[in-house]
Amino acid sequence: KNQVEQSPQSLIILEGKNCTLQCNYTVSPFSNLRWYKQDTGRGPVSLTIMTFSENTKSNGRYTATLDADTKQSSLHITASQLSDSASYICVVTITGGGNKLTFGTGTQLKVEL
Amino acid sequence: GAGVSQSPRYKVAKRGQDVALRCDPISGHVSLFWYQQALGQGPEFLTYFQNEAQLDKSGLPSDRFFAERPEGSVSTLKIQRTQQEDSAVYLCASSFAGTANTEAFFGQGTRLTVV
């Protein structure tokens, strides 16, 4: 049973548009929530890390939010570019789990002209 | 090197063959992780080292899987008597410290195909 659920599973948007990806998790207690970008054939690259006390974290055109009460997070991408086409994965670190990262299945984003 | 390096990038093995996958973490990184990523899925935890000590191997799917990091730097993931269900991308990650909020850096992975 996956403890980190993401939606939508896939998304196609036009270049320049904004989009928001969702993540719901059941892992508790957790140390932090991360968003990773994974290009095809590459390893995941970290975008943001938020502890349970943080509500939002930005990294350029990427803004992540976290609601620890509802156990939800979102990743907002502004002014999308073709190079944003990738899988975006929500990851939760379990407290006391030896830094074990629990990955969601990802949202596959495609940005088109 | 500048990042986490994994080799080989691709490996095709006949069913029943043994394979060894190598991970060179970022120099000085204490923690090292192995993950297995099936096609279209997110990575799943296999095992975790802090220096040379294997602190968590709860994710290893069977006793055919074995990982080591004898000198606290390079790590090898060995799979004995490979089976078709072992086909996946194997990702290695390293981080500077063992604390939960430390950034983890991933290699490009080794794509294993068992035929």
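Listing for the model above:
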read-out: Residue within the range B:94-114 that is surrounded by 15 or more Cβ atoms within 10 Å (Cβ to Cβ), in contact with a strand residue (DSSP E or B) (Cβ under 9 Å, 6 or more places away or on another chain), free of Cβ contacts under 8 Å to residues at least 24 places away in the same chain and of a type in the set (D, E, K, R) present; value: no
read-out: The range B:50-87, subset hydroxyl-bearing (Ser, Thr, Tyr) and over 20 Å from residue B:5 (Cβ atoms), residue nearest to the other protein chains (Cβ to nearest Cβ); value: B:58
read-out: Residue that is nearest to residue B:12 (Cα to Cα), among those in the range B:88-113 that are of a type outside the set (A, V, I, L, M) and more than 9 Å from chain A (Cβ to nearest Cβ); value: B:113
read-out: Test: residue in the range B:8-15 that is surrounded by 15 or more Cβ atoms within 10 Å (Cβ to Cβ) and in contact (Cβ under 8 Å) with a residue 40 or more places away in the chain; value: yes
read-out: Count of residues meeting criterion [under 22 Å from residue B:91 (Cα atoms), in contact (Cβ under 8 Å) with a residue 24 or more places away in the chain and in a loop (DSSP other than H, G, I, E, B)] in the range A:28-50; value: 3
read-out: Residue match in the range B:48-55 (condition: under 23 Å from residue A:40 (Cβ atoms) and aliphatic (A, V, I, L, M)); value: no
read-out: Count of the range B:6-18 residues which are more than 11 Å from the chain's Cα centre (by Cα) and within 12 Å of chain A (Cβ to nearest Cβ); value: 2
read-out: Odd one out for residue B:62, checked against (1) of a type in the set (Gly, Ala, Ser); (2) closer than 21 Å to residue B:112 by Cα; (3) touching a residue at least 12 places away in the same chain (Cβ under 8 Å); value: (3)
read-out: Conditions (1) of a type outside the set (Ser, Thr, Tyr); (2) over 28 Å from residue A:107 (Cβ atoms); (3) surrounded by 15 or more Cβ atoms within 10 Å (Cβ to Cβ): number failed by residue B:2; value: (3)
read-out: The range A:54-113, residues that are assigned to a strand (DSSP E or B), within 25 Å of residue B:37 (Cβ to Cβ), modelled with pLDDT of 95 or more and hydroxyl-bearing (Ser, Thr, Tyr); value: A:62, A:73, A:74, A:87, A:88, A:107
read-out: Set A:48, A:56: member being within 14 Å of another protein chain (Cβ to nearest Cβ) and out of contact with any Gly (no Cβ under 6 Å at 6 or more places or on another chain); value: A:48
read-out: Qualifying positions in the range B:28-48 - under 29 Å from residue A:107 (Cα atoms), crowded, with 17+ Cβ neighbours inside 10 Å and out of contact with any Cys (no Cβ under 9 Å at 6 or more places or on another chain); value: B:31, B:36, B:37, B:43, B:44, B:45, B:46, B:47, B:48
read-out: Residue, modelled with the highest pLDDT, within the range B:19-49, restricted to residues that are at the interface with another protein chain (Cβ under 8 Å from one of its Cβ atoms) and farther than 12 Å from residue B:88 by Cα; value: B:33
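The values are calculated or read from the model by the stated rules, or taken from the named source; none is laboratory data. Remember, predicted model here, so these are calculated numbers, not experimental data. Quick reminder, even Gly has a Cβ in these numbers, built from the backbone with ideal geometry, and neighbours come from all protein chains shown.
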